[in-house]
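Every number here is computed from the coordinates shown, using simple stated rules; none is lab data. As the structure is a computational prediction, the values presented were derived from the model and not from experiment. Every residue, glycine among them, receives a Cβ derived from its backbone with ideal geometry; neighbour counts consider all protein chains shown.
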Amino acid sequence: MEKTIIPILLSLCFFMSCGACQKVEDNNATTGTAIIHNIALTLNKACYSPGETITFTSDKALSGEIHVRYRNLSQIIDDKEITGTTWTWTAPSTDYKGYLAEVYTKSENTEKVIGSIGIDVSSDWKRFPRYGFLSSFGHMSSDEMKNIITNLCRYHINGLQFYDWHCDHHKPLAGTVENPASSWLDIASRTTYRSTIDGYIAEAKKQNMRSMFYNLCYGALKNAANDGVKEEWYIFRDAAHTNKYTLSLSAPFKSSIYLTNPGNEEWLNYMVKRVKEVYDVYGFDGFHIDQVGINGVYDSQGQIVNLPEGFGKFINKMHEAFPDKYNVFNAVAGFGQSNIAASNVDFLYNEVWEKEAYFADLKTIIDNNTIYSKGKFNTIFAAYMNYNLAENKGTFNTPGVLMTDAVMFAIGGAHLELGEHMLGKEYFPNSNLSMSPLLKQSLISYYDFLVAYQNILRDGGSFNDAQTTCTNTSSTIVQWPPQAGKVISLGKKLSDKQVIHLFNFKNATHLSWRDMDGTQAEPLLVKSIPLKIMTAQTPKKIWAATPDSEGSLYQEVDFTSEQGFVSLTLPVLKYWTMIVLEY
């Protein structure tokens, strides 16, 4: 929430499931097709525990000689013949692994993959968080809620932020524990229903998603004194403590927001009681804690307040009071992240703004978070696409979104972007921009990729400079950071693998992940790229994978090895292709 003025823009856009094999036209793309599969696959949950039964569903009945195989990276774990529209598989016993299920036909000596889906076998979502959101809690039917959660499940979203669900910031529960209100007005004077909150939590639980309630760590409304908030808890803009730090809001907002000192002991004890009221009534799994990214404030005694230190105290107090609940804290533009990472949070969350607007900045955030947390936590980016475009009705720019997700996923992050609609603004109910059919289907493939290869993308390792060159003049490859007009290489070393991510910036209009005005150009497709990769070891296998429809989610690559390097031909590069050398 980098937020002093919050726009109020309401409408609703629902996601569409991946369809059967078909060409999909996109206003923002000159070429390209949806993922070329004959069937669309879904799972009954966003993630699974080891040994749990996984249920798969195909949108078409399967008959003839059709098989499904399950991969963990390049290793085939299982292969079985299947028929009908549903089948099951028992998740392997090893925790925190990603798998790719490939449904394929067999005819004599040929195979054809006709559908695929990623599978996350993780007993705790915080290891590989994929965060979504909900932002509107008016009267809804159970079918409406189920459809939204099921759509998010197809993207493997395993945690949901319930944005602006609460009554008052300083007293989030409407009514009392003994007599909770059936409805109330949120900060924007929208009517929220208890039945909708309960319904969403119940449906999320069925599909193994965690539900996180949103609130500021230091917000109070104009009526706060009546609810026990003391004057000495507030923070001020001046040492004379005459000017409270206020987020000024006008109608239809029911109150401005006045900020308190998050490290004040009395405020902390007060908020523990208020949070307990929430947990006593609702089945939330944790607290999504927000701030507004300000500094240079004073307490009621005229002393400078160390807000990052207060953030750490607030998190630890919540963990101490509710040890079985999750805590996530927003580092707005990175503010306070070192203190946050040293506290009892469950993963790191960066709301990214104009000071970190370039692709190179995203990797710097990941690098810093790795240092701050000593490699313990993964990162979610709250990063709003096509921000200027979202002032008015329109469509997200597909190339801008896909290039941003390609970089975020490759460097080990995930993107808070999906809910009832896709995010274009920090005020989550803003749904001015819709997703094209191509973008919806492309993101299914991107999230399958994120899950299937999470043990490469988000499970340790260190970035390195694996020298990669193109041996003809078709593509100039340079090392990270990105440059317009180039193919960019980013290496990552794991214990028995060398990974090389290639990003196609050959046709890039600019190098900002934000793509503020929706002007990022679609990359030019490059095929059969002759590469030479420096390596001190001889690989036993090389394979490539891409979430882009023009390629394949897994493909082994022939190579020749000479002293100090290997030569190969990369099949395809659109936005992002990953090459893996196994030793």
### Query
Over the alpha carbons of the chain, what is the largest minus smallest coordinate on each principal axis, giving the biggest first in Å?
77, 48, 44
### Query
How big is the antiparallel share of DSSP beta bridges in the range 462-582, given as a percent to the nearest 5?
95 percent
### Task
Calculate the spin-label point distance for ALA181 paired with ASN392, positioning each point 7 Å from the Cα along the beta-carbon direction, and give it in nanometres.
3.7 nm
### Query
According to the square roots a ≥ b ≥ c of the eigenvalues of the Cα gyration tensor, what is the shape class of the range 248-304, taking rounded for a/c under 1.5, prolate for a/b larger than b/c otherwise, and oblate for the remainder?
oblate
#### Entry: Computed label-point distance, nm, for sites ALA239 and ALA536 using a 7 Å Cα→Cβ extension
5.6 nm
### Summary
Full extension between THR150 and GLU556 adds, at 0.36 nm per residue less the Cα distance, a length in nm of 142.9 nm
### Task
For each of THR560, THR53, THR150, THR196, count neighbouring Cβ atoms within 10 Å of the residue's Cβ, then give the residues from fewest to most.
THR560, THR53, THR150, THR196
#### Entry: Residues GLU81 and LYS493, FRET efficiency given R0 of 22 Å [Cβ-Cβ distance, rounded to 0.05]
0.05
### Query
Does anyone have the angle between helix 142-154 and the longest principal axis of the chain? Alpha-carbon axes, 0 to 90°, nearest 10?
50 degrees
#### Entry: Distance between modelled label sites at THR509 and ASP59, nm, 7 Å Cα→Cβ extension
2.9 nm
### Task
Measure nothing but the geometry: give the 0 to 90° angle between the long axis through the Cα atoms of 437-452 and the longest principal axis through the Cα atoms of the chain, rounded to 10°.
80 degrees
### Summary
So the angle from the long Cα axis of helix 307-321 to the longest Cα principal axis of the chain, reported in degrees to the nearest 10, equals 90 degrees
### Query
Is the shape of the range 131-382 rounded, prolate or oblate, going by the alpha carbon gyration tensor and its root eigenvalues a ≥ b ≥ c, with a/c under 1.5 for rounded and a/b larger than b/c for prolate?
oblate
### Task
Would you list which aspartates and glutamates come within 19 Å of LYS97, measuring only between C-alpha atoms, while excluding same-chain residues fewer than 8 positions from it?
GLU52, ASP78, ASP79, ASP120, ASP124, ASP346, ASP448, ASP459, ASP496, GLU582
### Task
For LYS497, go through the lysines and keep the ones whose alpha-carbon is under 16 Å away, minus same-chain ones fewer than eight residues off.
LYS540, LYS541
### Query
What shape does the range 448-583 take by its C-alpha gyration tensor, where a ≥ b ≥ c are the square roots of the eigenvalues and a/c under 1.5 counts as rounded, a/b above b/c as prolate, and the rest as oblate?
prolate
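Please compute the contact order of the chain in relative form: average sequence separation of alpha-carbon pairs under 8 Å and at least six residues apart, divided by the residue count, as a percent.
Working: 1401 pairs, mean separation 82.2, N = 583.
14 percent.
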### Query
ASP198 to SER123: extension gain in nm, 0.36 nm per residue of separation minus the Cα-Cα distance?
24.6 nm
#### Entry: Cβ-based exposure ranking for SER135, SER373, SER141, SER74, in which fewest neighbours within 10 Å come first
SER141, SER74, SER373, SER135
### Summary
From fewest to most C-beta neighbours within 10 Å, the residues GLU420, GLU391 line up as GLU391, GLU420
#### Entry: DSSP-defined antiparallel bridges as percent of all bridges, the chain, nearest 5
70 percent
